[in-house]
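Read the structure below first, then the notes.
The numbers here are math on the coordinates, done by the rules we state, and not lab data. None of the values given here were measured: they were computed from a predicted structure. Note that each Cβ is placed from the backbone with ideal geometry, even for glycine, and that neighbours are counted across all protein chains shown.
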Amino acid sequence: MDSNSDNTLMLKVKSGKLDKLGLLFERYNRKLFSYFYRLTYCRDLSEDLVQGVFERIIKYRHTYESTDAFSTWIYRIARNLHIDHYRRNGREYQLDENFDFDNIKAETDDDLFEPNKDHELELLKMAMTKLDPVKKETLVLSRFEGFKYKEIAGIMDCSESAVKVRIFRAINELKQIITELRSANDYE
């Protein structure tokens, strides 16, 4: 096993070498920030949640098993932290007014995820906010974070077929929301 692989580093953290967590932080802090930001559209909250993930890694390092990919384990922690945050604080946040979809790259040929006009970006942003949180998270993990269905199943603690169904339903719902928003002439 590579001495600098995520799994090896986490095993060192688990054994008490907490200085190795710095390398994992460097590798994952931007990815986790992106994940949280796409779920919340709030920069400050996203930064706080990233810090919370690494606090939980320290706290729960004894539970890490190298049988799963480290990325699955860390995103499971991130997901649980996000859920816990909502249980405590509700689903209301102060959205960043300048939410930036420019850096969001999709892993699909579907134009739905690669809007090419400013008003289309705003339309996608609004439509994503209207999705059920589980559907939204599944789309973020799949289309924006690049996880495979099997990995998403591990993160969300469900079956791979459930992930496929969620993505199918989320895309259909997102298309419907966008159609409704366009027909309401909100973005002309």
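The number of residues in the range 36-85 being over 19 Å from residue 134 (Cα atoms) and not in a helix (DSSP H, G or I) comes to 7. Counting only residues that are surrounded by 18 or more Cβ atoms within 10 Å (Cβ to Cβ) and over 25 Å from residue 90 (Cβ atoms), the range 130-148 holds 3 of them. Residues of the range 15-35 that are among the hydroxyl-bearing types (Ser, Thr, Tyr) and either part of a helix (DSSP H, G or I) or in contact (Cβ under 8 Å) with a residue 12 or more places away in the chain (or both): 28, 34, 35. Please go through the range 1-14 and pick out each residue that is among the charged types (D, E, K, R) and not in a helix (DSSP H, G or I). Selection gives 2 alone.
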